[in-house]
Amino acid sequence: MAQVINSNIQSLNSQRNLSASQASLSTSLQRLSSGTRINSAKDDAAGLAISERFTSQIRGNQQAARNANDGISMAQTAEGGLSTAGDLLQRVRELAVQSANGTNSDSDRKSIQNEVSALSQELDRVANTTQFNGQNVLDGSLTSAQFQVGANANQVINVGVQSAKASDIGNNTLSASYGDGKISTSTATTTNNVAAQTMTFKSGTGATTNVDVKLADSAKAIAANVNALSGSTGVTASAKTSATLSGLTTGTDGSVQFQLRGQNSIANDPNSTAVTISAKIKGNDLSAVAQAINAQSGTTGISASIKLNSTTQQKEVVLTEANGNDISITNINGAADDRLAAASLRGAEKPATNPDTAAAAPAPIGTGSATVGGQLEFSSDSGFTLSSTTADIVSAAKGSDLQSVSKIDVSTVEGSNAALKTIDSALNQINSNRAALGAIQNRFASTISNLNTTTENLSASRSRIQDTDFAQETANLTRGQILQQAGTAMLAQANSLPNGVLSLLRG
């Protein structure tokens, strides 16, 4: 090899290797001091992009978990308010049961009503003042609160809380009667005028359920068919029959003798139970007729009371069958003083399907018979619509009316009994809301658990790409330090090699 001075190839080679080992040592020092393998894009461009995406997901999931915890806090706040509302309603129900007792006077019931009104106001106050972070949660304004529970767009859970105000909770009802009080007056049979038809219930969610009604079905039978499907409709039915016997008072003595059916109005039905009612009427005193009917109420299910008609100022006999069976009367009196021949039978005082219209015209009994069908009342915790293929039960599609807690009046026995239905439905709604809030809390808890698990796995994936392997890097550091020392020594040796030329020059 030629001996030269201007070009020291060994020195250049040593310098290059020393620079490479120095760069490697610098990289090891940077990784060990920062704890990350990728400190700039030049370290691993693809790995940097992947790890940054992982970072976005991790930080998004961590914030989403905090959001879900906020959702749990809001649901707990709302449920606490609903718990108070439930306690208030339980007290109102207790007062309604107390007011329904016959030992209470009008003044007693007025005092009870005052407490009911105060509790209703407190229920409104709770609903209007229960807040979370300044937002009302029980007044019906929280219809759809959106919680971002994921790192990406549209990964949300929507939460809505129904109103707990006294004016917004209660029993949704719809009343109906046979042809608005239509009465059968056939002398051949004692059947009502109910036609075969199909009733259609449509719930607030849009679910539709059909209930078949057979020819001459009693209100009791229809109610039983409706209740059999209440699991799908959410609607329950109750039945009651009321009929008024008028025209018995003439100021002179007379008599009545008739067959009375209440368990089933069809004369040729083997299950039909008929009893014979006989009574003497002295002047305008109808007490003997009412007593004779009440004496057989264990058999017929029909009770009687006397009232004064405010329009005609005449006494009338009001017949009530609490189960919704038809009430049928057949005149069998052949005496000259028969009062029933000139009497009439009418149904409900005010047709429930259209309360603004007059009741159906009374049906004269004469020497034949008359039958009155019952009234139906449909109830549901939520709104519904009822329609039918004929006009016997409802003349047109009708929606239910909310009998709210704010309208409760326990100053009468009838009002107290009606209040119990309203309160029971209100409690069902409150309990349903609480159950929904409990379910959403569990859902948020599951979401948080899933987010934490996902965050853990993503962090492990990012660590494998981004974090420094200290075992490997400390080995690289030691190697780099040794190479630096060796490289420096070899560079010194390479730099001294041209000194050999001087020996040649000295000869």
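Here, each number is a calculation from the coordinates, and none is a lab measurement. Bear in mind the structure is a predicted one, so any value in this text is a computation, not a measurement. Quick reminder, even Gly has a Cβ in these numbers, built from the backbone with ideal geometry, and neighbours come from all protein chains shown.
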For this session: Evaluate E = 1/(1 + (r/R0)^6) for SER167 and SER449, where r is the Cβ-Cβ distance and R0 equals 45 Å; express this FRET efficiency to the nearest 0.05.
Result: 0.70
Problem set entry | Charge tally in the Cβ shell below 12 Å around SER24, where Lys, Arg are +1 and Asp, Glu are -1, SER24 excluded | +1
Exercise. In this model, which of LYS240/LYS398; LYS220/LYS282; LYS214/LYS407; LYS110/LYS398 are farther than 29 Å apart at the alpha-carbon?
Worked result: LYS220/LYS282; LYS214/LYS407; LYS110/LYS398
Exercise. By the gyration tensor of its Cα atoms, with a ≥ b ≥ c the square roots of the eigenvalues, what is the shape of the stretch 292-353: rounded for a/c under 1.5, prolate for a/b over b/c, or oblate?
Worked result: oblate
Exercise. Just one of (i) 65, 47, 44; (ii) 175, 48, 34; (iii) 59, 59, 47 is Cα extents along the principal axes in Å as worked out from the coordinates here. Which one is it?
Worked result: (ii)
Problem set entry | FRET efficiency, THR478 to ASP70 (Cβ-Cβ, R0 51 Å, nearest 0.05) | 0.50
Exercise. Of ILE408, ILE277, how do they rank once you tally other Cβ atoms within 10 Å and put the fewest first?
Worked result: ILE277, ILE408
Problem set entry | Those lysines that a straight Cα-Cα span of less than 23 Å connects to LYS280, excepting residues fewer than 8 apart in one chain | LYS307, LYS315
Problem set entry | Magnitude of the charge dipole, the chain, Cβ model with Lys/Arg +1 and Asp/Glu -1, debye to 20 | 1880
Problem set entry | Selection from ASN476, SER432, LEU497, by position along the positive dipole direction of the stretch 429-507 (Cβ) | SER432
Problem set entry | Helical contribution to [θ] at 222 nm, DSSP H n ≥ 4, -39,500 (n - 2.57), averaged over the chain, rounded to 500 | -15000 deg cm²/dmol
For this session: Can you find, among THR371, GLN30, LEU82, the residue farthest towards the positive end of the dipole of the chain? Put +1 on the C-beta of Lys and Arg, -1 on that of Asp and Glu.
Result: GLN30
Seminar exercise, completed: Stretched fully, the stretch from ASN210 through ALA118 gains (0.36 nm per residue minus C-alpha distance, one decimal, in nm) 28.9 nm
Problem set entry | For the stretch 367-408: rounded, prolate or oblate by the Cα gyration tensor [a/c cutoff 1.5] | oblate
